[in-house]
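Student: Okay, handing you the structure first.
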Amino acid sequence: MDMRLDKFLKVSRLIKRRTVANEACDAGRVTVNGKPAKASVHVKPGDIIEIMFGQKTVKAEVLAIADTSRKEEAGELFRYL
């Protein structure tokens, strides 16, 4: 099972809104497995996502895919590296 990168970032709450996730991808601030990624790239469990927030970089591994998630469950979709 896989999911679009922008939707995964929103569902997992790594980025709060899908439009912000799209903008981050368009600006080249998001990579998947070390390659710059567009919002339409499909991610699957095992992929490594890296997001640059200004001076800070967040690196996370996709653990699971879910169409929706409650706030409490969102942390189970990924793990910080």
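Student: At 1.4 Å probe size, with no ligands or nucleic acids counted, give the accessible surface of residue 31 in Å², nearest ten.
Tutor: Roll a 1.4 Å probe over it and residue 31 shows about 20 Å².
Student: Mind listing the phi-derived Karplus ³J(HN,Hα) values for segment 69-79, rounded to whole Hz, using 6.51, -1.76 and 1.60 with θ = phi - 60°, and x for any glycine or proline?
Tutor: 7, 7, 3, 5, 8, 4, x, 7, 7, 8, 9
Student: Kindly report the accessible area of the chain per residue (heavy atoms of protein chains, probe 1.4 Å, no ligands, DNA or RNA), in Å².
Tutor: Values: 5060 Å² over 81 residues.
For the chain, the solvent-accessible area averages 62 Å² per residue.
Student: Tell me, what are the semi-axes, in whole angstrom and largest first, of the equivalent ellipsoid of the chain as set by the roots of 5 times the Cα gyration tensor eigenvalues?
Tutor: Numbers: eigenvalues 59, 33, 32 Å².
Over the Cα atoms of the chain, the semi-axes work out to 17, 13, 13 Å.
Student: Still on this structure: Would segment 27-67 count as rounded, prolate or oblate if I go by the C-alpha gyration tensor, calling it rounded below 1.5 in a/c and otherwise prolate when a/b exceeds b/c, oblate otherwise? Show your work: numbers first, answer last.
Tutor: Numbers: a/c = 2.02, a/b = 1.50, b/c = 1.35.
Because a/c hits 1.5 or more and a/b exceeds b/c, segment 27-67 counts as prolate.
Student: Could you give each residue of segment 4-10 its phi-based ³J(HN,Hα) in whole Hz, using Karplus coefficients 6.51, -1.76, 1.60 with θ = phi - 60°, and x for Gly or Pro?
Tutor: With coefficients 6.51, -1.76 and 1.60, one gets 4, 4, 4, 5, 4, 4, 6 Hz.
Student: Can you sort 8, 53 by solvent-accessible area, 1.4 Å probe, largest first?
Tutor: Values: 8 0, 53 90 Å².
Ranked from most to least accessible, the order is 53, 8.
Student: Here is a further query. Put +1 on the Cβ of every Lys and Arg and -1 on every Asp and Glu Cβ in segment 14-81; which of 52, 80, 31 then has its Cα farthest towards the positive end of the dipole?
Tutor: 52
The values are calculated or read from the model by the stated rules, or taken from the named source; none is laboratory data. Note that the structure is a prediction, hence the values are computed from the model and not measured. In this analysis, Cβ positions are derived from the backbone assuming ideal geometry, glycine residues included, and neighbour counts consider all displayed protein chains. For accessibility, only protein heavy atoms count, side chains too; no ligands or nucleic acids. Shrake-Rupley method; radii C 1.70, N 1.55, O 1.52, S 1.80 Å.
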